[in-house]
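Here's the structure, in structure tokens; my notes come after.
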Number of protein chains: 2
Amino acid sequence: MADPTKVFLDEDDIPTHWYNIVADFPTPPPPPLHPGTKEPLVPDDLAALFPMGLIAQEASTERWIEIPEKVREIYRLWRPSPLHRARRLEAALGTTARIYYKYEGESPVGSHKTNSAVPQAYYNAQEGRMRLTTETGAGQWGSALAFATQIFGQTCEVWQVRNTYESKPYRRILMETFGATVTPSPSDKTEVGRALRERFPDTTGSLGMAISEAIEEAAKDPGASYSLGSVLNHVTLHQSIIGLEAIKQLEKFGEQAPDLLFACAGGGSNLAGIAFPFLRENIEGRMNVKITACEPAAAPSLTQGEYRYDFGDSSGMTPLLKMYTLGNEFVPDPVHAGGLRYHGMAPLVSHAYHEGLMKAIAVKQRDAFAAGVEFARAEGIVPASESNHAIAGALAAARKATEDGTSPVILIGVSGSGQLDLPAYSEFLAGNMLDA
Amino acid sequence: MADPTKVFLDEDDIPTHWYNIVADFPTPPPPPLHPGTKEPLVPDDLAALFPMGLIAQEASTERWIEIPEKVREIYRLWRPSPLHRARRLEAALGTTARIYYKYEGESPVGSHKTNSAVPQAYYNAQEGRMRLTTETGAGQWGSALAFATQIFGQTCEVWQVRNTYESKPYRRILMETFGATVTPSPSDKTEVGRALRERFPDTTGSLGMAISEAIEEAAKDPGASYSLGSVLNHVTLHQSIIGLEAIKQLEKFGEQAPDLLFACAGGGSNLAGIAFPFLRENIEGRMNVKITACEPAAAPSLTQGEYRYDFGDSSGMTPLLKMYTLGNEFVPDPVHAGGLRYHGMAPLVSHAYHEGLMKAIAVKQRDAFAAGVEFARAEGIVPASESNHAIAGALAAARKATEDGTSPVILIGVSGSGQLDLPAYSEFLAGNMLDA
């Protein structure tokens, strides 16, 4: 096939193993700590919330972890995801750069989140845990888990950040279409929710608060599990299939490696998913990819936070994680990229950043949406609010390359579709978007 | 690749020619008539509204019409579209049938409409017609034309049926994101719109009314064209790539032919697009596919209408078309499948139906959505409201096959994604959906 615009792979090319960056870090990442004893966590500490299959992955130092056949069978509904050469965007920019994007928006819920939701539901079902609770920001993770749990006959209860529950009803309906129940957070259903509402009566909610509620609910019921859509090691592990596929697809385009890689980063699962397989190539000396995490200016954990142990939720119920954090009580401005409104950053992403293995930039949402509209008009894909942050980083780099007369290969991780973010586009186009 | 779940083709397998069923009909379809003289239309009669490139296609009897390279280049953004084997749906139904679906929801606007919007914008631009007006029901056609026109630097003005303009703001925003202007119809901007509002002050609008407005506006300006998203011969021609791809893809699955084909039918472009290439195989004796048009019970032109000459719009501004019609003043109930709320049926589809070359059924919207939810939970794709009508037809056939102990190959045309139809799903799930 001559000069393709996009490259798929056969379903047989869906990776058979997830890639675990822990095996290849030059220095080991700091362990999570028990919040009471401050000692490194042992598997049993997590048994109330997670099935052993996931706990084992959380602590694993194996490089490759086999993907269960049942999970691969479900991945086949939408994977491998396409890698596009952004030919029309390149022409619109008049750039000397070659721009590629890996598009995760064709999944059942329009984002990369199903890549982890399916194995999480699977491992829970294997151990008979048939009730899952979770949080969601923009609703992408919640709808992914709603989709995955109904496959295995599980029930799914989602606490959705109040800001997005109210401003983005479509994703709530999507969760309900897949059979989940959805509660705006903070809610009156949990102790922690009631306490938060008393303390912050006007709060628009945050991922940290919603996590606290979902954890409280799961911890009360031995048959229930809590499920997290980002941050944890096993989530970044599951997402590694994005980067593994992209490496094969770039080869099919005749490219040896990207020079620059941009991905949005909230909790870090999307960034880790596309970047860690390339980071391995860097570590082993086969590539020299400059990886840039694109975070929102409203929640700039890498660029403005501290690298220290902190809680994953707002109420201090989780283990202590060594990560870049804005403090677990930080509540970001209600920007549209609900999936990025998180106070911390995945410990493995934080470690990579701390070790100088990747860069980070903070992007304001108006700049993100300006890039998103430019992308949509050229490529015909309206990107998710979150993905726009990566696109903004990439477009700036492409423009700089053109000025400099260089021709870098740029790879963008486009984590999802923005069809359900259209009200945010409307605000942007009308000039009413919050300058945050 | 063993037992795939879905089959893509290479971009080089995007058809090089559109297929024109007119060349293969056993009897010629009746010509359109001039509304004044009642004589068969000549090309010049259409020159005020359409560019000659499209007028030539409208009247063509050639079997194959070459797709311009520039159009194929844009098709490559999302085509070939995938053909899925609905393995999980088959399992959920416990059916003996083998079910396949051709999915058009991964286009820039989530439906098959871009297949015709791109060539329509192209031929207009070739002749310097840089202002296009159109109507839209659910917003799928309008957003497709908005996408296509901005590629060629054209302006796009869309009259959207008031019912969907108000109930489905997301598609309006999508049109605006691509740079179009959108007006709810009937509007005060046109003479015909003002007359309709005076006559029917509470009307929720109809496709017929919106067509009248868009035509009036285009007819006033020699540099403007009117663009129609369905019904006309050149639109069904452009959509033929759906069926042409599906034939190749079924072969890759090892199937010789479908036994049953279901597609939703409003104006008829989606149905014609997937069905006519198979109908050719039937006519030439290579296949024996039973084709069923699935129309909404709220606008049952094939199953309840008369086969006669009628206007394409509500105000009698178009040529007279020989078609199955409910009468050009018919205003369907405000069902959610806005794309199917049309009083008539494409003349070529009507001719095929009249000649006994295809069947038709009418589906009530609650039954359509029940099938859509079943499909979504199994396949992870939330189908468009319109597509649900085809899925309902197919699921009934699969259940009957299981009862009868037969194993037909069923092909469903899934015309689009329902992500922007989620409010309709919400109504259905809550039990509040109009029984129409």
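Carbon-plus-sulfur accessible fraction, region A:80-232 (probe radius 1.4 Å, protein heavy atoms only): 48%.
Per residue, the accessible area of the protein assembly as shown comes to 32 Å², computed with a 1.4 Å probe over protein heavy atoms only. A Förster radius of 41 Å, combined with the Cβ-Cβ distance separating residue A:219 from residue B:3, puts the computed FRET efficiency at roughly 0.45. Segment residue B:306..residue B:329, full-extension length gain: 6.9 nm, with 0.36 nm per residue of separation and the alpha-carbon distance subtracted.
In nanometres and ascending order, the distances from the residue B:201 label point to those of the other copies are 4.5 (point 7 Å from Cα along Cα→Cβ).
Summing charges over neighbours of residue B:329, with a neighbour being any other residue whose Cβ is under 11 Å away from its Cβ, gives -1 when K and R count +1 and D and E count -1. For a test of the definition: using alpha carbon positions, the gyration tensor, and the 1.5 limit on a/c, classify region A:334-426 as rounded, prolate or oblate. Since a/c reaches 1.5 but b/c is at least a/b, the shape of region A:334-426 is classed as oblate. For region B:74-188, a simple Cβ point-charge model (Lys and Arg +1, Asp and Glu -1, everything else neutral) yields a dipole of about 560 debye relative to the Cα centre.
Its Cα gyration tensor gives region A:161-295 an equivalent ellipsoid. The semi-axes, each the square root of 5 times an eigenvalue, are 38, 15, 15 Å from largest down. For chain A, the pair-distance distribution built from all alpha carbon pairs, in bins 10 Å wide starting at 0, is 5, 24, 35, 26, 9, 1, 0 percent. When a/c is below 1.5 the answer is rounded, else prolate if a/b is larger than b/c, else oblate, so apply that to region A:49-193 with a ≥ b ≥ c taken from the square roots of the Cα gyration tensor eigenvalues. Since a/c reaches 1.5 but b/c is at least a/b, the shape of region A:49-193 is classed as oblate. Across the copies of the chain, residue B:407 has label points (7 Å from Cα along Cα→Cβ) spaced 5.4 nm apart, shortest distance listed first. Against chain B, whose longest principal axis comes from its Cα atoms, helix B:207-219 is set at around 40 degrees. Computed from Cα atoms, the angle from the helix B:385-404 axis to the main principal axis of chain B rounds to 30 degrees. Which pairs, out of B:290/B:400; B:102/B:248; A:113/B:113, put more than 18 Å between their alpha-carbon atoms? Pairs exceeding 18 Å: A:113/B:113.
Over the C-alpha atoms of region A:172-252, the Rg to Rh ratio, Rh being the Kirkwood estimate, stands at 1.13.
Heavy-atom accessible area buried between chains B and A is around 4200 Å² (1.4 Å probe, both sides summed). Legend: residues in region B:375-395 shielded by at least 30 square angstrom of accessible surface upon adding the remaining protein chains to the isolated chain (1.4 Å probe, heavy atoms) are B:377, B:379, B:380, B:382. Starting from the label point of residue B:166 at 7 Å along Cα→Cβ, the same points in the other copies fall at 2.5 nm, in ascending order.
Among the trypsin sites (Lys or Arg not before Pro) in region B:1-85, those located in a DSSP loop and surrounded by at most 14 other Cβ atoms within 10 Å of their own Cβ are B:38, B:63. Farthest toward the positive end of the dipole of region A:335-384, out of A:351, A:381, A:337, is the Cα of A:337, where the dipole comes from beta carbon charges about the Cα centre. Only Cα pairs under 8 Å and 6+ residues apart enter the sum, and on that basis the relative contact order of chain B stands at 19 percent. Pairs from the list A:6/B:252; A:364/B:168; A:168/A:189; B:70/B:322 with a Cα-Cα gap above 26 Å: A:364/B:168; B:70/B:322. Of A:324, B:307, A:75, A:309, the order by accessible heavy-atom surface (1.4 Å probe, DNA, RNA and ligands excluded), from most exposed downward, is A:309, B:307, A:324, A:75. Helices in the protein assembly as shown, meaning DSSP H runs of at least 4 residues, each add -39500 (n - 2.57). Divided by all residues, the mean residue ellipticity at 222 nm is -12000 deg cm²/dmol. Remark: mean inter-chain Cβ contacts per residue of A:173-180 equal 5, using a 10 Å Cβ-Cβ cutoff to other protein chain atoms. If I take all pairs of Cα atoms in the protein assembly as shown, what percentage of them are more than 49 Å from each other? Of the Cα pairs, 18 percent sit more than 49 Å apart.
Rounded to the nearest Hz, the phi-derived 3J(HN,Hα) couplings of region A:26-42 under the Karplus curve 6.51 cos²θ - 1.76 cosθ + 1.60 (θ = phi - 60°) are x, 10, x, x, x, x, x, 10, 5, x, x, 7, 6, 8, x, 5, 10, where x marks glycine and proline. About its Cα centre, the dipole of region A:348-436 is roughly 80 debye, where the only charges are +1 on Lys and Arg Cβ and -1 on Asp and Glu Cβ. For a paramagnetic label modelled on residue B:16 (point 7 Å from Cα along Cα→Cβ), amide N atoms under 15 Å away belong, within region B:72-94, to B:72-73. Placing pseudo-labels 7 Å out from each Cα toward the beta carbon at residue B:126 and residue A:286 gives an inter-label distance of 4.7 nm. Roll a 1.4 angstrom probe over the protein heavy atoms and tell me the percent of accessible area of region B:373-436 that is carbon or sulfur. After summing per-atom areas, the C and S share lands at 50 percent. Take each residue of peptide A:87-97, count the partner chain Cβ atoms within 10 Å of its Cβ, and average: the result is 1.
Residues of region B:8-51 that lose at least 30 Å² of accessible area (1.4 Å probe, protein heavy atoms only) when the other protein chains are present, relative to their chain alone, are B:8, B:11, B:12. The shape of region B:1-134 can be summarised by an equivalent ellipsoid whose semi-axes, obtained from the alpha carbon gyration tensor, come to 36, 20, 14 Å from longest to shortest.
Computed on the Cα trace of region A:379-429, the radius of gyration divided by the Kirkwood hydrodynamic radius gives Rg/Rh = 1.07.
The values are calculated or read from the model by the stated rules, or taken from the named source; none is laboratory data. Quantities reported herein were computed from a predicted structural model and do not represent experimental measurements. Backbone-built Cβ (ideal geometry, glycine too); neighbour counts: all protein chains shown. Side chains included, ligands, DNA and RNA excluded: accessible areas come from the protein's heavy atoms. Shrake-Rupley method; radii C 1.70, N 1.55, O 1.52, S 1.80 Å.
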